[in-house]
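These notes are about the structure you will find just below.
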Amino acid sequence: MTTPTAPASASTQNGREFEFADRDFRRICDLIYQRVGISLAPAKRDMVYGRLSRRLRALGLRSFQDYLDQLESQGGDEWQAFTNALTTNLTAFFREPHHFEKLDTELRARSGRGTLQLWSCAASTGEEPYSMAITACEAFGTLKPPVRILATDVDTQVLATASRGVYAIDRVSGLDPAIKKRYFQRGSGPNEGQCRVHPALRELIDFRPLNLLAPRYDVGGPFDALFCRNVMIYFDKPTQRGILSRLIQHMGDDGLLYTGHSENYLHAADLIQPCGRTLYKRAPGAPA
């Protein structure tokens, strides 16, 4: 939706390369909310300018109004570039370690049930699903555990990085040396300073694009573990409820939802209920 035109404020100039008026920022906020549900606060204005200005340069445009007019009139692949630019991706291997300790315990307890299904629904550059894969290998004592991991994200660029499984060596510097030795291959020569995940980990994971605002998720399941961490903070409460109502439809009867430490779902107590530290299960009576 295009917001009403308003005069550009003096602060939109300030020697910037591109004209960026208040109306442009409001229009961007409307578009990204409609597209993927992200609510941009006014404090994100400089971030938006910095990220989208790269798209203006790439397209040879001189103002944000020109860019947004072209985006809405022509769309196409630029919608994905627009979404990728405004998606925040902050992740690390074994971020919030207690979740992986719990996952290890759950996987061991469910041994013998056949193939266990896990889902990383905001996989970013891959550190989370690879951490899940390592946890599974450790739990079952093999590089071929009875586990399949679905890894999804709305940002296709970060998914491409995740699929490659190549990282700067400092990304794994804090890991246990034994874990690094078993699951990462250090680069040499032209690949010095990089490492690659063990191919066996990559074989456990299916990387796919997914917009959590989609009316339905074609992801299969039911999932024994669903990681949806540090992504809901970018959505307003009604959007969170809509996403949760779809996520729980893909959880097994004893499936667990792993969430971020700063996320709170008191407003969705009819859908999910806490069962541990930043851990939830489907609430009694919630749709399966």
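The values are calculated or read from the model by the stated rules, or taken from the named source; none is laboratory data. Quick caveat, the model's predicted, so the values are computed rather than measured. Note that each Cβ is placed from the backbone with ideal geometry, even for glycine, and that neighbours are counted across all protein chains shown.
So here's what we get for this one:
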quantity: So THR278, is it out of contact with any strand residue (DSSP E or B) (no Cβ under 6 Å at 6 or more places or on another chain), surrounded by 13 or more Cβ atoms within 10 Å (Cβ to Cβ) and either touching a residue at least 60 places away in the same chain (Cβ under 8 Å) or not hydrophobic (A, V, I, L, M, F, W, C) (or both); calculated: no
quantity: In region 138-163, the residues that are under 30 Å from ILE38 (Cα atoms) and free of Cβ contacts under 8 Å to residues at least 12 places away in the same chain; calculated: ALA160
quantity: Residues that are hydroxyl-bearing (Ser, Thr, Tyr) and touching a residue at least 60 places away in the same chain (Cβ under 8 Å), drawn from region 107-130; calculated: SER120, TYR130
quantity: Total residues in region 140-161, condition part of a helix (DSSP H, G or I), touching a Pro at 6+ places or on another chain (Cβ under 7 Å) and among the aliphatic types (A, V, I, L, M); calculated: 1
quantity: Scan of region 234-268 for residues that are of a type outside the set (S, T, N, Q) and farther than 23 Å from LEU103 by Cα, ordered by number; calculated: TYR234, PHE235, ASP236, LYS237, PRO238, ARG241, GLY242, LEU266, HIS267, ALA268
quantity: Filter result (over 14 Å from the mean Cα position of the chain (by Cα) and part of a strand (DSSP E or B)) within region 194-227; calculated: GLN194, CYS195, ARG196, VAL197, ILE205, ASP206, PHE223, ASP224, ALA225
quantity: Options PHE227, PHE140; residue that is among the hydrophobic types (A, V, I, L, M, F, W, C), modelled with pLDDT of 95 or more and surrounded by fewer than 20 Cβ atoms within 10 Å (Cβ to Cβ); calculated: PHE140
quantity: Subset of region 265-282 [outside any strand (DSSP E or B) and over 18 Å from the mean Cα position of the chain (by Cα)]; calculated: TYR265, LEU266, HIS267, ALA268, ALA269, ASP270, LEU271, ARG277
quantity: Residue ID - surrounded by the most Cβ atoms within 10 Å (Cβ to Cβ), chosen from residues in region 251-267 that are modelled with pLDDT under 95 and either hydroxyl-bearing (Ser, Thr, Tyr) or outside the structural domain of ILE149 (by TED's automatic domain parsing) (or both); calculated: TYR265
quantity: Residue satisfying condition, being assigned to a helix (DSSP H, G or I) and at pLDDT below 95, within set ILE179, ILE248, ILE233; calculated: ILE233
quantity: Tabulated pairs, region 219-240, first acidic (Asp, Glu), second part of a loop (DSSP other than H, G, I, E, B), C-beta under 7 angstrom, 6+ apart or interchain; calculated: ASP224/ARG110; ASP236/SER39
quantity: Criterion (touching a residue at least 12 places away in the same chain (Cβ under 8 Å), touching a Lys or Arg at 6+ places or on another chain (Cβ under 7 Å) and of a type in the set (Ser, Thr, Tyr)) met by exactly one of THR135, THR83; calculated: THR83
quantity: Residue among TYR217, TYR183, TYR258, TYR234 that is touching a His at 6+ places or on another chain (Cβ under 7 Å) and closer than 25 Å to GLN80 by Cα; calculated: TYR217
quantity: Residue under evaluation ASP46, criteria (1) under 24 Å from the mean Cα position of the chain (by Cα); (2) modelled with pLDDT under 85, criterion not met; calculated: (2)
quantity: Which numbered condition PRO97 fails, given (1) touching a residue at least 24 places away in the same chain (Cβ under 8 Å); (2) under 20 Å from the mean Cα position of the chain (by Cα); calculated: (1)
quantity: Region 164-176, residues that are without any contact (Cβ under 8 Å) to a residue 60 or more places away in the chain, among the β-branched types (Val, Ile, Thr) and in a helix (DSSP H, G or I); calculated: ILE169
